[in-house]
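Enquirer: So that we are looking at the same thing, I have put the structure below in structure tokens.
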Amino acid sequence: MALIVQKYGGTSVGSTARIQAVADKIIRDKTQGHSMVVVVSAMSGETNRLIDLAKAITDSPSDREYDVLVSTGEQVTISLLCMALETKGHAARSYTGGQVRILTDDAHSKARIEKIEDEKIHADLAAGRVVVVAGFQGITEQGHITTLGRGGSDTTAVALAAALKADECQIYTDVDGVYTTDPRVVSNARRLDSLSFEEMLEMASLGSKVLQIRSVEFASKYNVPLRVLSSFTEGGGTLIVSEDKVMEKALISGIAFSRDEAQLTLQGVPDRPGLAYHILDLIAKANIEVDMIVQNTSVAGDTTDFTFTVHRNDYKKAFTIVEQAAHTLGIAKVSGDNKIVKVSIVGIGMRSHAGIASKMFKTLSDEGINIRMISTSEIKVSVVLSEKYLELAVRALHDAFDLA
Ligand code: ADP
Ligand code: ASP
Ligand code: MG
């Protein structure tokens, strides 16, 4: 008998009919003799609706109340799913994150899970109940409700699977696995049978929102076999496991992209020690994360150019900070662009093959796409482009690397 943790995303529980269908699916798996722990998201669109309600009251709600509000969506689905299971004759019990005691730090709206108390869950499973847990939420030691960041139900599921030493963590969503790229952008994208934790981590960090980054970090750290599948169709989905278990060793596994980018460029920056630190320290103090950083070598004279990227939501704030500091720091000009995107190719095969980056650049050049910034690591190459080239670039690279 296996212990399985399943997670159903927003679309999968998007209506009462869908919740009934999910209940039927859980019953089928339970009837096979498995112990079932199920994590659910809020019904699709609900978290956005809650965020809009907050915005209608204030631009800057307190962190604590924001989490009290946005965590409520999941409380609706846990209870409805348990009602559906009970009506169908199966014992079930719902828990909010706080009731389980999914303990987190106090970084509201992006809290990290620190510990999960598993006694109640084990007792329910032993009594033959299906345990249904609200995703995306936890509680601090002091009893304040926290949330784990958008897409956080994935992380709840993987963290529970790790804590309970589950045999597998299954992420049910609206696509039947992880694809070579977002199938909504490239129609001939191909589903991958398996993928390493490391590649999935890169894909998720570089914008593939099919799994929340932290869920993959957890799975990798605790070696939880993670499977992404469809709650709408049958199939084996994509298994994400350690590198040695991956069958398919492709040169490039996938293409990730992110539309949430913005770039700030500082021209005429005095070329002296501490300048990069001073600029980025101001940004960090405002709690803004910096992604790519490029500084040119000063060819002639004593000034250089300095460019960095931030999340598009932080663009205005970052621009104001840099503009205000420009005079004191002796920076000549600040400019920026929030209509940029990042496109990345990812694959562990890159470690042992040269020429991947140049093939990427040639493909983009053949399409007349100008590259603004480049960043590489062992298993990825990322480029920053104008927003208008996103679809073209992803499709061209998908073809060029024979991913279909
Ligand atoms: P859920 O609500 O179930 O958590 P998400 O919307 O968070 O679902 O994630 C599923 C979506 O991820 C898909 O509908 C798809 O558009 C998107 N996606 C992005 N990149 C990929 C990829 N490489 N493979 C599969 N899906 C992807
Ligand atoms: N409901 C939350 C969100 O929309 C968490 C999740 O679905 O994973 O981000
Ligand atoms: Mg999701």
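Enquirer: Would you check if ALA219 is small (Gly, Ala, Ser) and either at pLDDT below 95 or part of a strand (DSSP E or B) (or both)?
Expert: Considered against the rule, which asks whether it is small (Gly, Ala, Ser) and either at pLDDT below 95 or part of a strand (DSSP E or B) (or both), ALA219 comes out as no.
Each row is one residue, and each column tells you yes or no for (1) within 25 Å of the chain's Cα centre (by Cα); (2) not hydroxyl-bearing (Ser, Thr, Tyr).
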{"position": "ILE19", "(1), (2)": "yes, yes"}
{"position": "ASP24", "(1), (2)": "no, yes"}
{"position": "GLY33", "(1), (2)": "no, yes"}
{"position": "VAL40", "(1), (2)": "yes, yes"}
{"position": "ALA54", "(1), (2)": "yes, yes"}
{"position": "VAL68", "(1), (2)": "yes, yes"}
{"position": "THR72", "(1), (2)": "yes, no"}
{"position": "THR77", "(1), (2)": "yes, no"}
{"position": "GLY89", "(1), (2)": "no, yes"}
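Enquirer: Given the criterion within 16 Å of ligand 2 (Cβ to nearest atom) and open to solvent by 10 Å² or more (accessible area, probe 1.4 Å), identify the matching residue among LYS115, LYS165, LYS110.
Expert: When all the criteria are applied, what remains is LYS110.
Enquirer: Hey, another quick one. Just checking, how many residues over region 1-17 are crowded, with 18+ Cβ neighbours inside 10 Å and away from ligand 3 (no atom under 15 Å from the Cβ)?
Expert: Qualifying residue count for the region: 2.
Enquirer: Something else: Of all residues in region 116-142, how many are at positive phi and more than 16 Å from ligand 1 (Cβ to nearest atom)?
Expert: Of the residues in that region, 1 qualify.
A quick yes/no check of all residues on (1) more than 16 Å from ligand 3 (Cβ to nearest atom); (2) in contact (Cβ under 8 Å) with a residue 40 or more places away in the chain:
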| site | (1), (2) |
| --- | --- |
| HIS144 | yes, yes |
| LEU148 | no, yes |
| THR156 | no, yes |
| VAL185 | yes, yes |
| ARG190 | yes, yes |
| ILE213 | no, no |
| SER220 | yes, no |
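Enquirer: Residues to consider are LEU392, LEU397, LEU385; find the one that is under 22 Å from MET292 (Cα atoms) and assigned to a helix (DSSP H, G or I).
Expert: From the options LEU392, LEU397, LEU385, the qualifying one is LEU397.
Enquirer: Moving on. Only residues in region 276-304 that are in contact (Cβ under 8 Å) with a residue 60 or more places away in the chain count as the first member; pair them with residues that are β-branched (Val, Ile, Thr), Cβ under 6 angstrom, at least 6 apart or cross-chain, and list the lot.
Expert: As it stands, the answer is MET292/THR309; VAL294/THR307, since those pairs meet every condition given.
Enquirer: Only one of HIS353, HIS327 is under 30 Å from LEU195 (Cα atoms) and exposed (fewer than 15 other Cβ atoms within 10 Å of the Cβ); which?
Expert: From the options HIS353, HIS327, the qualifying one is HIS353.
Enquirer: In region 195-220, which residue that is open to solvent by 10 Å² or more (accessible area, probe 1.4 Å) and of a type in the set (D, E, K, R) is nearest to ligand 1 (Cβ to nearest atom)?
Expert: The qualifying residue nearest to ligand 1 (Cβ to nearest atom) is LYS209.
Enquirer: Looking at region 356-382, which of the residues that are buried (at least 16 other Cβ atoms within 10 Å of the Cβ) and part of a strand (DSSP E or B) is farthest from the chain's Cα centre (by Cα)?
Expert: So, considering only residues that are buried (at least 16 other Cβ atoms within 10 Å of the Cβ) and part of a strand (DSSP E or B), the one farthest from the chain's Cα centre (by Cα) is MET373.
Enquirer: So if I check each of SER15, SER94, SER79, which one is away from ligand 2 (no atom under 14 Å from the Cβ), of a type in the set (Ser, Thr, Tyr) and over 23 Å from ASP118 (Cα atoms)?
Expert: Being away from ligand 2 (no atom under 14 Å from the Cβ), of a type in the set (Ser, Thr, Tyr) and over 23 Å from ASP118 (Cα atoms) holds for just one of SER15, SER94, SER79, which is SER15.
Enquirer: For region 43-56, indicate whether the set of residues that are of a type outside the set (S, T, N, Q) and in contact (Cβ under 8 Å) with a residue 40 or more places away in the chain is non-empty.
Expert: no
Enquirer: Which members of region 170-182 meet the condition of being within 22 Å of GLU261 (Cβ to Cβ) and open to solvent by 10 Å² or more (accessible area, probe 1.4 Å)?
Expert: TYR179, ASP182
Enquirer: Please specify each residue of region 221-260 satisfying the condition of being more than 18 Å from ILE348 (Cβ to Cβ) and either open to solvent by less than 20 Å² (accessible area, probe 1.4 Å) or touching a Pro at 6+ places or on another chain (Cβ under 8 Å) (or both).
Expert: Matches in region 221-260: VAL224, VAL228, LEU229, SER230, GLY237, SER258.
The values are calculated or read from the model by the stated rules, or taken from the named source; none is laboratory data. Remember, it's a predicted structure, so these values are computed and weren't measured experimentally. All Cβ positions, even for glycine, are placed from backbone atoms using ideal geometry, and neighbour counts span all protein chains on display. Quick note on the areas: whole protein, heavy atoms, side chains included, nothing else; ligands and nucleic acids left out. Shrake-Rupley method; radii C 1.70, N 1.55, O 1.52, S 1.80 Å.
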